[in-house]
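Undergrad: Quick one: the structure is below, questions incoming.
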Amino acid sequence: MSQDPYTWTEEQVIEVLAQVFSSQDPRVILGIGDDAALVKASGQQILTTDIAVEGVHFRTSWSSAYEIGKRIAVANIADVLSMNGTCDYLLVAATLTGNEDIDWIRDLAQGIQDQAKAAGAVVVGGDLARSQTLSIAITAVGHADKPILRSGAVAGDSIFLSSLTGWSAAGLEILTKELSVSGASVAKALNEYRAPTLDLQTNFSSASSMSDVSDSVLTQGRQMATASRVRFEFDAAAIERAEEFGELSGLAQQVGADVLDWILQGGEDHVLLATGSDLPGIKIGTVVEGSGVAVVKDGVEIKMAPVAWSHFS
């Protein structure tokens with residue numbers, strides 16, 4: 001980023017954003033350029049918003065502008081997917097410090113645009129403001145014919161992940177502790193922290209309940225169990241049979257971390273956690289009568305350390 005503040009005008013930034021976010025999508029009646037966007041709506045509307053703040057949710061010293069843009073878009077789109085929805089539109093608001101050069105802003109917008117396009121969504125507007133802190137907020141608008149809530153799990157359901165969690169937590173630990181490690185698994189962990197991927201091809205439309213895993217499997221599982229008035233039992237042995245477990249476990253051993261802690265208590269994977277029967281993905285446990293969550297192995301409960309992940313830690 002430039003060290004010379006305000007090397008651009010607001011009009012120049014808006015022109016760049018209009019170029020990056022330009023679209024001929026037939027769902028958009030009127031996009032960027034007026035007081036508000038005008039779009040077509042269908043089904044039951046899903047609305048969600050997320051804000052990311054420099055130093056809390058991302059660091060420009062760790063991630064490129066493009067990665068930051070993708071990361072923030074993923075967080076919002078995942079919330080729509082978690083309700084069995086399709087993401088249609090994004091609104092992007094940012095506070096800029098003035099130290100960002102125009103190319104950095106363009107790359108940020110391009111990261112958002114590319115992730116939106118991958119999910120079938122269109123960026124239709126937003127806002128800019130000056131601040132001492134860099135922040136980006138995105139509002140996602142989607143739709144669903146049959147929304148899936150957190151509250152539908154029933155005893156007898158199995159618990160599934162759309163893919164293995166823990167990679168983002170691994171990347172965060174490597175960056176935070178400035179660990180000197182290398183290899184394919186390290187690169188994957190860093191990539192998943194900087195710009196998490198979405199499981200867009202996983203079909204959980206027959207799930208009984210679902211949530212996006214942004215605050216850890218145990219935290220999201222507890223929320224789903226509470227909403228459904230049941231108990232979630234996560235099976236450590238089933239998790240260890242997951243395809244990527246050996247690779248992630250090897251990385252954990254390399255850096256002296258607990259792989260189950262990464263998988264169950266790490267945040268910001270944006271994987272889908274769902275309950276039901278015969279779902280795709282990774283089966284990691286069972287819904288039973290009772291309340292709360294537990295991690296078990298061979299019928300014995302494993303005591304986990306307190307959840308370390310928090311947006312306010």
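Undergrad: Any of LYS283/LYS303; LYS40/LYS188; LYS70/LYS146; LYS117/LYS146 with alpha carbons more than 29 Å apart? Name them for me.
TA: LYS40/LYS188
Undergrad: While we're here: Once every DSSP H run of n ≥ 4 in the chain is given -39500 (n - 2.57) and the sum is divided by its residues, what mean residue ellipticity at 222 nm do you get, rounded to the nearest 500 deg cm²/dmol?
TA: When only DSSP H runs of four or more count, the value is -10000 deg cm²/dmol.
Undergrad: When DSSP beta bridges are limited to those with both residues in the chain, what percentage is antiparallel, rounded to the nearest 5?
TA: 75
Undergrad: Points 7 angstrom from Cα along the Cβ direction at THR226 and THR97: gap in nanometres?
TA: 3.5
Undergrad: Moving on to the next point. Hey, if you put +1 on the Cβ of every Lys and Arg and -1 on every Asp and Glu Cβ in the stretch 1-93, which of ILE68, GLY85, SER42 ends up farthest toward the positive end of that dipole?
TA: Sorting the options by dipole projection puts first GLY85.
Undergrad: Between ILE29 and ARG59, what length comes free when the chain is fully extended (0.36 nm per residue of separation minus the Cα-Cα distance, one decimal in nm)?
TA: This chain segment gains 7.2 nm when fully extended.
Undergrad: Among THR97, THR176, THR165, which one shows the biggest mean-square fluctuation in a GNM of the chain, springs joining Cα atoms closer than 10 Å?
TA: In the Gaussian network model the winner is THR176.
Undergrad: May I ask for the Rg/Rh ratio of the stretch 133-288, computed from Cα atoms with Rh as the Kirkwood radius, given to two decimals?
TA: My calculation puts Rg/Rh at 0.99.
Undergrad: What percentages, rounded to whole numbers, describe P(r) for the stretch 36-91 computed over all alpha carbon pairs with 10 Å bin width beginning at zero?
TA: Over the stretch 36-91, the share of Cα pairs per 10 Å bin runs 20, 44, 27, 9, 0 percent.
Undergrad: Sticking with this structure for a sec: Let's test the formula: R0 of 30 Å, r as the Cβ-Cβ distance of ARG130 and GLU243. What FRET efficiency results, to the nearest 0.05?
TA: With R0 = 30 Å, the Cβ-Cβ based efficiency is 0.05.
Undergrad: How much length, in nm to one decimal, is gained on full extension between VAL300 and SER42, taken as 0.36 nm per residue of separation minus their Cα-Cα distance?
TA: The VAL300-SER42 span can extend by a further 88.1 nm.
Undergrad: For ASP278 and ALA187 in one chain, what is 0.36 nm times their gap in residues minus the Cα-Cα distance, to one decimal in nm?
TA: Answer, rounded to one decimal: 29.5 nm.
Undergrad: Over all directions, what mean area does the Cα convex hull of the stretch 1-124 project, stated in square nanometres?
TA: Projected area, direction-averaged: 7.9 nm².
Undergrad: Also, quick follow-up: How big is the stretch 143-184 by the Kirkwood estimate over distinct Cα pairs, in Å?
TA: About 14.4 Å for the stretch 143-184.
Undergrad: Let me ask another. Taking the Cα centre of the chain as the origin, how large is its charge dipole in debye, to the nearest 20, when only Lys and Arg (+1) and Asp and Glu (-1) carry charge on their Cβ atoms?
TA: Working: 20 positive and 40 negative charges, 130 e Å.
Using only the charged Cβ atoms, the result is roughly 620 debye.
Undergrad: Any idea what Rg and Dmax come out to for the stretch 113-191 if you just take the C-alpha atoms, in Å?
TA: For the stretch 113-191, the Cα-based Rg and Dmax read 18.9, 52 Å.
Undergrad: Taking Rh as the Kirkwood radius computed over C-alpha pairs, what is the Stokes-Einstein D of the chain at 10 °C in a medium of viscosity 1.306 mPa s, expressed in µm² per second?
TA: Result for D is 78 µm²/s.
Undergrad: Any idea of the accessible area per residue across the chain, 1.4 Å probe, to the nearest Å²?
TA: Counting only protein heavy atoms, the per-residue value for the chain is 47 Å².
Undergrad: Quantify how much of the Cα-Cα distance distribution of the stretch 206-303 extends past 21 Å, in percent.
TA: 30
Undergrad: Here is a further query. Taking H as built 1.01 Å from N, whose amide H comes closer than 5 Å to the amide H of SER209, not counting residues under 5 places away?
TA: HN-HN under 5 Å from SER209: THR275.
Undergrad: Keeping the other protein chains in place, figure out the carbon and sulfur percent of the accessible area of the chain, with a 1.4 Å probe. Walk me through the numbers before you get to the answer.
TA: Numbers: 7080 of 14560 Å².
Using a 1.4 Å probe with all protein chains present, the chain comes out at 49 percent carbon and sulfur.
The values are calculated or read from the model by the stated rules, or taken from the named source; none is laboratory data. None of the values given here were measured: they were computed from a predicted structure. With ideal geometry, Cβ positions are generated from the backbone for all residues, glycine too; neighbour counts draw on all protein chains shown. The protein model used for the area step is the full one, side chains on, heavy atoms only, and it has no ligands, DNA or RNA in it. Shrake-Rupley method; radii C 1.70, N 1.55, O 1.52, S 1.80 Å.
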